[in-house]
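Chemist: For reference, the structure I am asking about is given below.
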Number of protein chains: 2
Amino acid sequence: MSFAISIGARIRKSPYFDRTVSDGVTAFTTYNRTYMPTSYGDLQGEYWRLIKGVSLWDVACERQIEISGPDAAQLTQYLVPRDLSNCKVGQGKYVPICNHQGYLLNDPVLLRVEEDRFWLSIADSGVLFWAEAIAGERGFDVTVQEPDVSPLAIQGPMAEDVTADLFGDWVRDLKYFWFQQTELEGIPLIVARSGWSKQGGFELYLMDGSRGGDLWDLVKEAGAPYGIAAGTPNVIERIESGLISYGTDTIPRANPFEMGMGRYVDVDLDVDFIGKSALREVARQGPGRAFVGLVWPGETGPACENPWGVFHEGRQVGFVTAAQFSPRLEQFIAASILDVSVAGGAEADRPPVTIETPDGPVTAAIRDFPLC
Amino acid sequence: MSFAISIGARIRKSPYFDRTVSDGVTAFTTYNRTYMPTSYGDLQGEYWRLIKGVSLWDVACERQIEISGPDAAQLTQYLVPRDLSNCKVGQGKYVPICNHQGYLLNDPVLLRVEEDRFWLSIADSGVLFWAEAIAGERGFDVTVQEPDVSPLAIQGPMAEDVTADLFGDWVRDLKYFWFQQTELEGIPLIVARSGWSKQGGFELYLMDGSRGGDLWDLVKEAGAPYGIAAGTPNVIERIESGLISYGTDTIPRANPFEMGMGRYVDVDLDVDFIGKSALREVARQGPGRAFVGLVWPGETGPACENPWGVFHEGRQVGFVTAAQFSPRLEQFIAASILDVSVAGGAEADRPPVTIETPDGPVTAAIRDFPLC
């Protein structure tokens with residue numbers, strides 16, 4: 001089954017859209033109401049380029065929610081259950097955003113761009129309305145908006161060389177999630193060591209949407225000696241690495257402890273934040289589910305277009321949310337959210353589980369992330 | 001240019017998804033993180049079926065935000081600038097939802113399902129997070145959630161006959177936006193006189209997602225004598241009728257007065273609601289822009305994939321957000337948001353404007369909705 005995606009003004013085009021088209025993009029999804037490339041027609045080739053070389057991704061759909069003004073630090077801390085008191089200008093932190101019941105609403109990277117200016121570099125959910133509502137009800141003196149900022153990711157083991165060739169060797173000293181504002185041939189941007197893979201790399205936060213094509217071309221040119229080519233966030237590698245896909249893995253609703261984000265929740269923080277009492281209770285009781293990997297033998301299988309039920313001794317114990325063949329593990333792998341009754345404890349003690357795929361049941365072993 | 005849409009678990013499939021596939025759907029968009037059919041490959045044929053006959057639409061992507069509990073009426077009124085004190089159980093109302101600055105966040109139909117249970121049948125934006133944030137901050141005793149409810153639209157001049165054949169002649173007495181809960185061969189649903197066209201019709205709010213295929217088949221069977229077939233919300237008819245597409249027409253941000261929704265804002269209401277003081281100020285000053293139609297001669301033209309600039313005497317005065325050839329008017333038509341300097345006053349007094357389309361400039365006349 002293959003269907004066209006409608007192109008219209010309701011869904012936004014990224015500043016790199018035309019370049020992704022000329023580079024042969026074949027499929028899109030939408031993400032934060034923006035077209036996001038999902039395939040250039042060669043998933044395995046793109047996978048190996050990410051694992052062994054360097055890949056260029058249009059991730060402009062990773063929108064920024066900017067909180068600025070005198071109360072920016074206060075509002076941002078209230079939105080986030082992680083201690084931000086030690087977050088410096090130029091530093092990023094991976095943070096949960098939770099509602100009053102402690103359920104995860106997003107898992108952005110937070111960037112402290114200036115003392116009183118924060119960006120939440122968000123996954124696909126309505127954080128703009130969330131932050132506006134809280135600011136409005138609390139009467140905080142802030143501006144909440146989505147600025148003209150569009151990330152472009154350079155990912156893979158050769159990404160550092162490409163980025164250093166573009167900007168200078170100082171990028172090699174950037175710590176993970178730290179960033180620096182700079183420009184490239186007059187294009188204003190932020191260079192951050194970050195990205196939705198575990199293969200290393202950088203994200204260039206383009207700060208002028210009219211320069212998207214120019215930036216794309218400059219990165220392609222610098223990456224040519226390293227064999228760079230356009231790719232997309234890779235569904236195989238993200239399962240291998242256990243990266244959360246908000247909205248895919250967080251069904252029906254999940255708390256940060258279930259998703260392995262417990263270390264980013266400071267329930268004893270001395271300032272208030274949304275969901276504090278609910279999260280404290282989850283921390284006390286321990287989470288009921290766990291975000292874990294599943295592995296089973298096989299080279300081919302159906303696509304996971306809807307969550308698949310996972311069973312143990314006839315009882316449903318969770319869902320598979322994504323599944324792919326792993327070329328490195330040479331078996332099938334899945335991301336899943338499972339009851340701790342099966343997914344708790346040491347790997348060796350966990351029972352095999354049964355996944356109900358559209359092609360019939362398979363028996364899988366429960367593994368911790370990363371899978372390789 | 002045609003690209004595939006990725007199918008994965010992050011975007012939800014409607015309960016009617018399989019039936020739309022077997023009925024020949026060719027394209028989708030996403031809407032409220034749900035796949036929404038946008039074409040069966042024959043826009044003009046689907047248009048005439050809507051205008052002269054009856055069409056069946058999967059609009060399950062029109063999700064419901066349910067507010068229930070002791071404080072449901074209080075929260076709902078606080079979210080909505082329209083007086084709800086006279087809204088009865090079984091009655092729907094078209095309402096703006098605005099933020100604290102008076103900007104439109106959504107334009108749902110509100111249904112009072114029970115005394116203490118409301119549904120907001122939403123356009124494409126994050127109202128769930130918005131309502132949760134307000135409820136959480138205000139400490140209202142409510143539950144805010146998205147229930148298992150998936151609308152199916154029957155639209156066109158023959159829709160009433162089809163719906164009466166299915167449910168009985170009582171549906172003919174339903175007033176616009178009123179509804180009644182019932183069932184059809186054991187399928188629980190609500191029948192409402194509503195829908196995103198001005199050709200008349202009903203929406204069946206399916207209340208059990210597992211019965212989507214059954215409901216689709218029953219409606220197809222009842223509609224067969226009337227020539228029913230699968231269609232989609234029609235981009236031509238919606239421009240002709242001046243129906244707002246939230247997110248398409250509301251750029252960059254719009255207030256309800258600009259969008260012609262001023263009559264649904266009660267700025268002198270004696271209870272508080274979000275955006276009240278900002279909206280009162282807009283009401284006092286009058287809106288700066290207007291949502292109006294544009295018409296110009298021509299049978300073919302480019303697709304409006306991004307907003308097009310509209311100019312008068314060299315100055316940009318707004319945007320075209322959607323454009324199509326109208327078979328009834330036999331000319332090109334567009335939805336636009338324009339400064340009142342050109343779009344205010346009587347139609348005859350308005351100057352022609354220049355639209356910068358990708359194929360070059362065209363000169364258009366400014367018309368009030370509906371265009372036909």
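Chemist: Extending each Cα 7 Å along its Cβ direction at B:Val89 and A:Val271, get the distance between those two points in nm, one decimal.
Modeler: Label at B:Val89, label at A:Val271, 4.7 nm between them.
Chemist: Do any of A:Lys93/B:Lys93; A:Lys175/A:Lys276; B:Lys198/B:Lys220 go past 32 Å between their Cα atoms, and which?
Modeler: Details: A:Lys93/B:Lys93 44 Å; A:Lys175/A:Lys276 29 Å; B:Lys198/B:Lys220 21 Å.
Table pairs above 32 Å Cα-Cα are A:Lys93/B:Lys93.
Chemist: Here is a follow-up. Nearest the rotation axis from A to B, which residue of chain A has its beta carbon, and at what whole-angstrom distance?
Modeler: A:Gly126, 1
Chemist: May I ask you to derive the FRET efficiency for B:Ser22 and B:Asp368 from their Cβ-Cβ distance with R0 = 41 Å, giving the value to the nearest 0.05?
Modeler: Calculated transfer efficiency: 0.50.
Chemist: Separation of segment B:263-313 and segment A:61-97 by C-alpha centroid, Å?
Modeler: 33 Å
Chemist: Work out the FRET efficiency for A:Glu305 and B:Asp217 from their Cβ-Cβ distance, taking R0 = 25 Å, and round it to the nearest 0.05.
Modeler: 0.70
Chemist: Given the C-alpha centroids of segment A:321-358 and segment A:171-200, what is the distance between them in whole angstrom?
Modeler: Between the Cα centre of segment A:321-358 and that of segment A:171-200, the gap is 34 Å.
Chemist: Also: Have a look at A:Leu128, A:Leu43, A:Leu329 and tell me which one the Gaussian network model of chain A (Cα, springs below 10 Å) gives the largest fluctuation.
Modeler: A:Leu329
Chemist: May I pose another question? Nearest 500 deg cm²/dmol is fine: what mean residue ellipticity at 222 nm does the protein assembly as shown get from its DSSP H runs of n ≥ 4 alone, each adding -39,500 (n - 2.57), divided by its residue count?
Modeler: -6000 deg cm²/dmol
Chemist: Determine which aspartates and glutamates satisfy two conditions relative to A:Lys52: a Cα distance under 16 Å, and not lying fewer than 8 residues away in the same chain.
Modeler: Result set, ordered by chain and number: A:Asp42, A:Glu160, A:Asp161, A:Glu237, A:Glu240.
Chemist: Averaged across the residues of B:7-17, what count of C-beta atoms belonging to other chains lies within 10 Å of each residue's C-beta? Show your work: numbers first, answer last.
Modeler: Values: counts 10, 12, 17, 14, 7, 3, 2, 0, 0, 0, 2.
Partner Cβ neighbours, averaged per residue: 6.
Chemist: So how far apart, in nm, are the two label points at B:Glu114 and A:Gln180 if each is 7 Å from Cα heading toward Cβ?
Modeler: Result: 6.1 nm between the two label points.
Chemist: Continuing with this model, one more query. Quick check: pseudo-label points 7 Å beyond the Cα along Cα→Cβ at A:Asp165 and A:Lys52, how many nm apart are they?
Modeler: 1.8 nm
Chemist: Right, next: Can you pull out the trypsin sites (Lys or Arg not before Pro) in segment A:277-372 whose DSSP state is coil and whose Cβ has at most 15 other Cβ atoms within 10 Å?
Modeler: Counting only loop positions with at most 15 other Cβ atoms within 10 Å, the trypsin sites (Lys or Arg not before Pro) in segment A:277-372 are A:Arg328.
Chemist: Then there's this: Along Cα→Cβ at 7 Å, what distances in nm separate the B:Pro225 label point from those on the other copies, shortest first?
Modeler: Sorted ascending, the copy-to-copy spacings read 7.8 nm.
Chemist: Right, another one. Mind checking segment A:73-161 for GluC sites (Glu not before Pro) that DSSP puts in a loop (not H, G, I, E or B) and that have at most 11 other Cβ atoms within 10 Å?
Modeler: A:Glu115
Chemist: To check my understanding: the extent here is largest minus smallest coordinate of the Cα atoms along each principal axis. What are those three numbers for the protein assembly as shown, in Å, largest first?
Modeler: Computed over the protein assembly as shown, the largest-to-smallest principal extents equal 67, 64, 50 Å.
Chemist: Also, quick follow-up: Mind listing the phi-derived Karplus ³J(HN,Hα) values for segment B:304-321, rounded to whole Hz, using 6.51, -1.76 and 1.60 with θ = phi - 60°, and x for any glycine or proline?
Modeler: Per-residue couplings from phi come out as 8, 8, 9, x, 9, x, 10, 10, 9, 6, x, 10, 6, 10, x, 9, 8, 10 Hz.
Chemist: Keeping all protein chains in the complex and leaving out DNA, RNA and ligands, what accessible area do you get for A:Ser326 with a 1.4 Å probe, in Å² to the nearest 10?
Modeler: Here the residue's solvent-accessible area equals roughly 0 Å².
The values are calculated or read from the model by the stated rules, or taken from the named source; none is laboratory data. Note that the structure is predicted; figures quoted are calculated from it, not measured. Methodologically, a virtual Cβ is constructed for each residue, glycine included, from the backbone with ideal geometry; neighbour enumeration extends over all protein chains shown. Protein only, heavy atoms only, side chains kept; ligands, DNA and RNA dropped before computing areas. Shrake-Rupley method; radii C 1.70, N 1.55, O 1.52, S 1.80 Å.
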